[in-house]
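**Q** What follows is a single structure, and I will ask about it in a moment.
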Amino acid sequence: MSKSRRSSIDDRKFRIGTGVFASIVLLIVIGIGFELTRQSLLSIQKFGFAFWKGTTWDPVAGEFGALPFIWGTLYSAILALLLSTPIALGIAIYISELCPRMLRQPLTYLTELLAAIPSIVYGLWGVFVLVPIVRKLELATPDALKAIPLFKGPPLGVGMLAAALILAVMVIPFSSSVAREILKNVPAAQREAAYALGATRWEAIKVAMSYGKTGVIGAVMLGFGRALGETMAVTMVIGNSPQVSTSLYAPQYTMAAVIANEFTEAADELYLHALIEIGLLLFIITIGVNAISRLLIWSMKKRVTTRVSSAPLLEAEPA
Amino acid sequence: MTITMDERRIPMTARTQEKPMTKSTRAKISVRNFEFYYGAAKVIHNISLDIPSEQVTALIGPSGCGKSTFLRSINRMNDIIPDARAEGSIEIDGKDVFGSGTDTVELRRRVGMVFQKSNPFPKSIFDNIAYGLRIGGMRNKRELHEVVEKSLVRAALWDEVKDRLQSSALSLSGGQQQRLCIARALAVNPDILLMDEPASALDPIATAKIEELIYELKDRYTIVIVTHNMQQAARVSDRTAFFMLGKLIEYGETKEIFMNPKEKMTEDYVTGRFG
Amino acid sequence: MNANARRRKIISRIAETLCAAAVVIALIPLALILFYVIKEGVGALNLAFFTQMPKPVGEPGGGMANAIVGTLILIGIAALFAVPIGCICGIHLAEYPVSKFSSVVRFAADVLNGVPSIVVGIFAYGLVVLPVKRFSAIAGGFALGLLMIPIVVRTTEELLRLVPPGLREGALALGATRTRAVFSVILPAALPGILTGILVALARVAGETAPLLFTAFNNRFFSTNIAQPIASLTVQVFTYAISPYEDWHRQAWAGAFLLVMIILSLSMLARFAVRGLEKMNRP
């Protein structure tokens with residue numbers, strides 16, 4: 001057999017061989033969707049869309065209304081986003097544009113440390129340190145504020161507020177590190193153009209942010225996706241009570257939390273399928289959010305690499 | 001006013017300095033003993049020259065000889081680079097740009113800059129030009145429109161874009177983008193326009209348009225242009241400064257520099273005997 | 001003009017200060033968490049913690065020996081499963097970067113990365129627990145392995161792409177087949193970085209709790225039988241934390257401290273030991 005023939009056979013074996021392993025990854029993702037659907041059929045067939053509109057979750061009585069979980073998940077994630085985004089963006093801007101060169105590495109490392117702490121540790125700290133603080137805060141709320149629905153409810157400490165706070169902290173490093181990458185890749189020529197027109201440092205930063213805004217939005221959405229799926233820290237501080245409430249003080253429940261708490265207690269198949277159906281929705285939502293976020297970030301990267309910057313590398317303006 | 005250089009071979013004679021100014025009696029930009037360091041490396045050695053107003057002054061010389069660095073010092077764009085240090089003085093209308101009372105924001109409004117590769121913002125043509133005006137506080141829509149139109153006319157771009165001011169600046173050709181950047185710089189009404197190899201990334205036709213534009217603009221603006229292209233310098237400028245290795249070798253009327261250079265190095269360069 | 005410029009400068013300074021403040025605000029919870037974990041955790045660590053099993057409900061004392069071993073076993077199983085699949089998948093993506101198939105696989109890996117760990121747990125439950133109607137360490141390790149795969153894939157692909165093309169050309173010029181070129185030349189060159197990726201992935205899954213809740217479940221006793229339920233640091237900390245017993249709370253902090261230490265060590269190992277490997281590789 002000639003050398004080239006041998007090598008092309010080998011090439012083909014190589015491609016197929018490694019391709020099999022690659023397709024395992026693909027199969028896993030498809031498999032998750034498939035398996036989740038299969039294991040929730042009982043619930044899907046029995047309840048249909050009413051499953052998502054019902055507000056009563058009473059497994060003992062056979063009532064499975066999952067709206068409180070969707071509400072809790074979205075509400076907590078949106079609140080977390082509102083709290084974390086300004087901070088995450090501020091960090092990204094500071095590290096990439098403003099801070100002295102020496103601090104860059106250590107600060108980056110520290111913010112990434114936030115992401116390395118496991119969820120259960122956040123939860124533990126949340127239960128024993130954050131919740132008492134939140135309870136004190138809730139107790140100290142002036143009566144005038146207590147009348148607003150946002151602050152109605154007994155000052156338990158556990159509830160939406162504690163959950164939103166913990167989620168916000170957990171989400172910060174994700175949004176911030178991607179935003180930082182985006183800012184780093186904005187061509188220096190853009191900032192130069194702004195400075196040359198008499199912009200202040202902040203105005204030049206705004207130009208860079210505006211250039212990278214697609215990617216920055218993607219970064220923020222990535223954080224949102226993370227918040228949607230967070231389980232342990234949330235379930236330990238949110239109160240685990242399936243109710244739809246706008247109050248920050250009210251104990252509520254999220255999709256991930258109810259699965260974590262009740263999965264092993266599910267006495268009958270319908271109960272289990274109902275929980276898995278919730279897992280299916282969580283799966284679909286997080287895929288959607290992450291896909292949009294990746295798309296935004298990818299389209300940003302494409303825009304930057306098609307322009308070549310010839311300006312010297314610019315760093316923080318000292319004066 | 002004798003300036004001494006440490007290089008024996010390149011005496012900067014007083015004669016070159018005191019060539020009569022054709023249009024005004026005082027130099028618009030007055031550079032004295034200017035030196036520049038990147039960290040510990042000295043990249044510009046003790047240069048002094050006077051740049052007259054409402055003329056085009058070209059800075060020529062081989063790559064890396066400091067002409068761009070010098071240009072960027074005039075509007076203090078080098079402030080952005082860490083470890084960069086300047087010594088000596090650059091005076092505009094008598095005021096040192098490095099002086100303690102200088103407001104860099106105001107300085108950069110008065111001294112506009114156009115870069116080697118055009119860098120329009122990813123916004124509409126209108127918003128690009130209005131940017132400098134808006135940060136300066138102009139809000140009135142009619143005023144903005146007036147100034148945008150005026151700037152585009154001055155940059156010889158108005159006719160080509162007047163029907164699509166809202167379309168993206170990135171949809172323009174390379175040459176048009178560069179003229180857009182010129183219009184953007186003109187919008188804030190500077191006195192001086194610094195151009196760092198403005199046509200080097202453009203094709204010959206676009207380059208010709210830019211050169212024509214420079215010729216028209218010099219009636220109202222003091223223009224300092226860095227260029228690699230000697231023919232361009234000869235075509236476009238009134239005065240030319242020849243730099244080499246961070247030193248100012250010769251400076252004078254363009255005609256003299258090209259036809260009758262006084263220094264051997266200048267002669268070698270302009271006749272193409274070396275890079 | 002001057003008043004306007006002054007106002008803009010003030011705004012600029014305020015904005016810059018707020019950005020710096022954001023950094024401080026983010027570091028406060030970090031400091032608080034580490035402080036409490038260290039303060040409460042170190043105090044509760046003792047020999048018993050490392051050597052004893054949990055005592056029956058309500059009785060003080062005991063330790064988490066089984067949980068510590070359990071976590072190590074679980075991440076071991078996860079690695080066994082994720083490293084071959086992840087690396088070879090990464091090799092394929094690096095060798096055929098622009099094929100349609102590769103784009104789809106890459107997207108799938110990204111999707112898998114974003115799937116909440118509890119959903120992955122449900123999948124593992126359906127695949128490994130349900131058919132045999134038993135919780136097991138294998139199921140837990142499988143779930144953790146799934147979570148590791150995207151990280152290993154991405155790191156492997158990125159690092160293989162960074163290997164200078166001259167290396168591959170050299171190997172091919174010497175008559176090596178593609179398989180041999182990749183496995184004997186290119187892969188070893190990228191190995192330090194790939195190892196880093198694996199250690200980082202291990203650090204990530206060592207801290208996972210949710211997927212283990214209904215796969216590996218928990219085990220009061222010491223067990224290394226991978227076909228049986230197994231204890232893990234994370235699940236144990238969770239169980240203790242939500243219990244009403246003071247002593248268990250104390251031990252939960254100790255467990256949390258140990259967990260953070262394990263994760264930090266794995267990260268440090270990834271950073272420094274691998275750098276040492278790289279230095280050895282270079283002539």
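**Q** Hey, in the GNM for chain C with a 10 angstrom Cα cutoff, which one of C:I77, C:I226, C:I14 fluctuates hardest?
**A** C:I14
**Q** Sticking with this one: Pull up the cross-link candidates among the lysines for B:K67, meaning alpha carbon to alpha carbon under 16 Å and not fewer than 8 places away within one chain.
**A** B:K42, B:K247
**Q** To the nearest Å, what is the center-to-center distance of region A:195-250 and region B:31-105, using C-alpha atoms only?
**A** A separation of 43 Å, based on Cα centres.
**Q** First check a/c for chain A, with a ≥ b ≥ c the square roots of the eigenvalues of its C-alpha gyration tensor; if it is under 1.5, answer rounded, and if not, answer prolate when a/b is larger than b/c or oblate otherwise.
**A** oblate
**Q** Across peptide C:212-223, how many C-beta atoms of other chains are within 10 Å of each residue C-beta, on average?
**A** Partner Cβ neighbours, averaged per residue: 1.
**Q** How would the protein assembly as shown be classified by its alpha-carbon gyration tensor: rounded, prolate or oblate, with rounded meaning a/c under 1.5 and the a/b versus b/c comparison settling the rest? Please list the in-between numbers first.
**A** Values: a/c = 2.42, a/b = 1.91, b/c = 1.26.
Prolate shape, in that a/c is at least 1.5 and a/b is the bigger ratio.
**Q** Can you give me the distance in nm between label points at B:S200 and C:F222, each placed 7 Å from the Cα along the Cα-to-Cβ direction?
**A** Between B:S200 and C:F222, the label points sit 7.4 nm apart.
**Q** Would you mind giving the mean number of other chain beta-carbons within 10 Å of the Cβ of each residue in A:78-90, as a whole number?
**A** Mean shielding count: 2.
**Q** Would you mind telling me which residue in B:V153, B:V43, B:V97 has the biggest mean-square fluctuation in a Gaussian network model of chain B, where springs connect alpha carbons within a distance under 10 angstrom?
**A** Top of the fluctuation ranking is B:V153.
**Q** Still on this structure, I have one more. Work out the mean other chain Cβ neighbour count within 10 Å for the residues of A:173-179 and drop it here as an integer.
**A** Other-chain Cβ atoms within 10 Å of each residue's Cβ, averaged: 1.
**Q** As I understand it, the value is the acute angle between the Cα axis of helix B:204-217 and the longest principal axis of the Cα atoms of chain B; what does it come to in degrees, rounded to 10?
**A** 80 degrees
**Q** With springs only between Cα atoms under 10 Å apart, run a GNM on chain C and tell me which of C:K100, C:K39, C:K55 wobbles the most.
**A** Taking springs between Cα atoms under 10 Å, the residue moving most is C:K100.
**Q** Roughly what angle does helix B:141-154 make with the longest principal axis of chain B, taking Cα atoms, 0 to 90 degrees, to the nearest 10?
**A** Roughly 50 degrees, rounded to the nearest 10.
**Q** Please work out whether region C:1-132 counts as rounded, prolate or oblate from its C-alpha gyration tensor, where a ≥ b ≥ c are the square roots of the eigenvalues and a/c under 1.5 means rounded, while otherwise a/b larger than b/c means prolate and anything else oblate?
**A** The shape class here is oblate.
**Q** Going by average Cβ neighbours within 10 Å, how do the peptides C:135-141, C:231-237, B:59-65 rank, with the highest at the top?
**A** Peptide ranking by packing, descending: C:231-237, C:135-141, B:59-65.
**Q** Can you give the local net charge around A:G215? Use residues other than it whose beta-carbon is closer than 10 angstrom to its beta-carbon, Lys and Arg +1, Asp and Glu -1.
**A** With Lys, Arg at +1 and Asp, Glu at -1, the neighbours total +2.
**Q** In whole Å, how far is the Cα centre of region A:148-192 from that of region C:44-99?
**A** About 30 Å separates the Cα centre of region A:148-192 from the one of region C:44-99.
**Q** I'd like the distance separating the alpha-carbon centroids of region A:54-92 and region C:169-201, in whole Å.
**A** 45 Å
**Q** With each run of n ≥ 4 DSSP H residues scored as -39500 (n - 2.57), what mean residue ellipticity at 222 nm is computed for chain A after dividing by its residue count and rounding to the nearest 500 deg cm²/dmol?
**A** Helix-only estimate at 222 nm: -23000 deg cm²/dmol.
**Q** In nm, give the distance between the simple-model label positions of B:H228 and C:S265, each being 7 Å from the Cα along the Cα-to-Cβ direction.
**A** Here the answer is 5.8 nm between the modelled labels.
**Q** Once you put a point 7 Å from the Cα of A:L295 and another 7 Å from the Cα of C:L32, both along the Cβ direction, what distance in nm separates them?
**A** So the label points at A:L295 and C:L32 sit 3.8 nm apart.
**Q** Please sort through the DSSP H helices of chain A and keep those with an alpha-carbon extent of at least 30 Å along the long axis and a Kyte-Doolittle average not below 0.0.
**A** A:3-38, A:67-93, A:160-184, A:269-305
**Q** Between C:K9 and A:L74, take the C-beta separation as r, use R0 = 41 Å, and let me know the FRET efficiency to the nearest 0.05.
**A** 0.50
**Q** Additional query: Can you compute the helix-only [θ] at 222 nm over chain C? Use -39500 (n - 2.57) per DSSP H run of at least 4 residues, normalise by all residues, nearest 500 deg cm²/dmol.
**A** Numbers: 11 runs with 197 residues, N = 283.
About -23500 deg cm²/dmol.
**Q** Run lengths n ≥ 4 of DSSP H only: what is the helix-derived mean residue ellipticity at 222 nm for chain B, with -39500 (n - 2.57) per run over all residues, to the nearest 500? Don't jump to the answer; show the numbers that get you there.
**A** Values: 11 runs with 96 residues, N = 275.
Theoretical 222 nm ellipticity from helices: -9500 deg cm²/dmol.
**Q** Can you tell me the 0 to 90 degree angle between the C-alpha axis of helix B:125-135 and the longest principal axis of chain B, rounded to 10?
**A** 70 degrees
**Q** Among the trypsin sites (Lys or Arg not before Pro) within region B:87-149, which fall in a DSSP loop and have no more than 14 other Cβ atoms within 10 Å of their own Cβ?
**A** B:R139
Read the figures in this text as sums done on the coordinates, not as results from a lab. Because the structure is a prediction, the values reported are computed rather than measured. Backbone-built Cβ (ideal geometry, glycine too); neighbour counts: all protein chains shown.
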